[in-house]
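Right, one structure below, let's go through it.
The values are calculated or read from the model by the stated rules, or taken from the named source; none is laboratory data. Only a predicted model underlies this, so the values are computations on that prediction, with no experimental measurement involved. Glycine gets a Cβ as well: all are built from the backbone with ideal geometry, and neighbour counts include every protein chain shown.
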Amino acid sequence: STDGQHALPLIGLIAGYVLMMTITAIVIVRAGGVWEDARSILLLIPVLFVELSLALDDPLLANYLPGAGLVVAGFLFAALVTEGLLRGLRIRLSVFFRIPLHTLLGVLFLYPLVIAPALARGDVADASWRIFLFYPLVGMLLLGLLPAVRLGKEAVAQHGTPWKWPWFPWTLFGVLLGGVCLRGYVLSLSFDPVLSLNTDAAMRLSSAWGSYFLVPIVLALAVLILEAGIIAKKKSVQTVALALPAVCTVLALPWGPAHGPYAEFLTQFTRQLASPFLLTLIGSAGFYGMAWYRKVQWSEPALIATLLLLTTTSPNRLGPVHLLEPDPLGLFSVGCVLLVSGIGKRDSYRAFLGVLLAVAAIAVGPLSIGPAWVRGFVPLQLIVVAVFLLGRLFHDSFARWLCSLAAAGIFAGVLSSLVTLLSPLPLVPTFAVPGYIFLLIALAFAAAYPMRSLLYFWIGVASMVVSLAEILRRSVVLGRDVIRGDGVGSFILALVFFLIAAGISAAKAGLCRRLSILLPTEREPTNGD
């Protein structure tokens, strides 16, 4: 019938069956102490609550006000039965469990009251969004169990049953949560506005529901399980929690049909927010970041993998499609994570990889719109500076290799700058390149003495020599242009040979031995290096 009265007998039958099972459980425990049978009944009653909530949909859709009264009555009935069963069995359930239990019952029964008004107004888009929001709401309510999780066994100490932690009360919540998830799916069938389907197609149970609807609930479960693993100090439980965001990533992929309500709502969802895949990766990255902050094993590589995966997608893409177009912000985030982690753990390898990723992000991001020489020159110099600083910050063998690499980078910077003098670069003042060469040479000598490094000293000397050679070459060219004769080259060549001969004579006279006191003294490696 159109008024939903046909559902009333079924509602009464389910309610009567619930009462009968509740009384039976109380009697067999009070009279015979048969807790095993009582446990089965205790787990079956939430399933009957789900069935009761489903039976209330037809009266609500047929006539909102009387149907809403039935829905509220159904919730009150479930809450009273739950309390009566707990008190009748003398189960002492902490308020940290009791409140989340009743809030889950509340959303199970009362959420249709949120959807029905949108359908009554004919607001198709609003109704679809309200159906989806059921899952984030359940996820937030699940997080209300965090205080109970943090208490651990103490939350159910002396609970009055022979059942052991964690089977009690988590099995009860697991059954109820499964029923709530089923309720969410049925909402998409009972209340779905069916955007483009005819009656026959609608009866084939097609709807806008997608597996990505479950992501908020699974992420909330991951938080609870991770917290339980940390409190209990069980790495196996923590590992299970770390695996759940990966499951969410799979759920967020577009598994549904390319046409119909599923595709229509997914398009609307992506247009108004972002793709479920991107939002899931952001949520997963936040979860892994929290786990990393709390020093959970394997959380750091999981965070890095998630951030790298973030670089392959965009707000309007439904999967990792831009494998060759990394997002600069994602790359930079991964680089910063590795750099901070490497510094904190005194791991030069990790910090170096972080520097490379961060510089790569700068190269493909802000610098990508600049001239070609900027895209090549600036990242190289950033790497040289960063490698030099890392080499000074750490003291392991890899750090010493980084110091050597930075020295080679200084010399390469001098050579590349000298090459640019042959063909001036756009947007670069004429004095900038010689000034930069002078800065690199000064850096080599400035680093040589505090570091007691002969390598940096001789890099500075070599840089001075090649710079002077370039000055002499330019002097020859300039002299030929001014004097317009071939004698300038011969004069410069003679001057060079004279300086070489003078240097040899000075060396024979012991000048090199006297100047050796200017050389930096090599530092002997210590056991900690």
Worksheet item: Would a scan of the stretch 314-326 turn up a residue that is in a helix (DSSP H, G or I), surrounded by fewer than 21 Cβ atoms within 10 Å (Cβ to Cβ), touching a Phe, Trp or Tyr at 6+ places or on another chain (Cβ under 9 Å) and charged (D, E, K, R)?
Response: no
Discussion item. Restricting to the stretch 1-19, name every residue that is of a type in the set (Gly, Ala, Ser) and assigned to a loop (DSSP other than H, G, I, E, B).
Written reply: Ser1, Gly4
Practice prompt. From the list Ala285, Ala228, Ala222, pick out the single residue that is under 22 Å from Leu182 (Cα atoms), part of a helix (DSSP H, G or I), in contact (Cβ under 8 Å) with a residue 12 or more places away in the chain and not assigned by TED's automatic domain parsing to the domain that holds Arg130.
Written response: Ala222
Worksheet entry | One residue from Val194, Val215, Val107, Val138 being of a type in the set (A, V, I, L, M, F, W, C), closer than 26 Å to Leu279 by Cα, in contact with a Ser or Thr (Cβ under 9 Å, 6 or more places away or on another chain) and at pLDDT 95 or above | Val215
Practice prompt. Please specify each residue of the stretch 231-256 satisfying the condition of being without any contact (Cβ under 8 Å) to a residue 12 or more places away in the chain and not in a helix (DSSP H, G or I).
Written response: Lys233, Lys234
Worksheet entry | Residues that are farther than 30 Å from Ser188 by Cβ and hydrophobic (A, V, I, L, M, F, W, C), drawn from the stretch 210-241 | Ala228, Ile230, Ile231, Ala232, Val237
Worksheet item: Filter the stretch 34-73 for residues that are under 17 Å from Tyr17 (Cβ atoms) and charged (D, E, K, R); which is surrounded by the most Cβ atoms within 10 Å (Cβ to Cβ)?
Response: Glu51
Practice prompt. Tell me, yes or no, whether the stretch 207-222 has at least one residue that is touching a Gly at 6+ places or on another chain (Cβ under 7 Å) and surrounded by fewer than 18 Cβ atoms within 10 Å (Cβ to Cβ).
Written response: no
Practice prompt. Among the numbered conditions (1) surrounded by 15 or more Cβ atoms within 10 Å (Cβ to Cβ); (2) at positive phi, tell me where Arg183 comes up short.
Written response: (2)
Worksheet, complete the sentence: Scanning the stretch 106-127 residue by residue, the ones that are under 16 Å from Pro66 (Cα atoms), in contact (Cβ under 8 Å) with a residue 24 or more places away in the chain and either not assigned by TED's automatic domain parsing to the domain that holds Ala73 or not aromatic (Phe, Trp, Tyr) (or both) total 7
Item to complete: Of the numbered conditions (1) under 15 Å from the mean Cα position of the chain (by Cα); (2) over 24 Å from Arg350 (Cα atoms); (3) free of Cβ contacts under 8 Å to residues at least 40 places away in the same chain, Phe277 fails exactly one; give the number of that condition.
Response: (3)
Response to the item:
The number of residues in the stretch 20-57 that are of a type outside the set (Ser, Thr, Tyr), part of a helix (DSSP H, G or I) and either over 47 Å from the mean Cα position of the chain (by Cα) or not assigned by TED's automatic domain parsing to the domain that holds Gly178 (or both) is 9
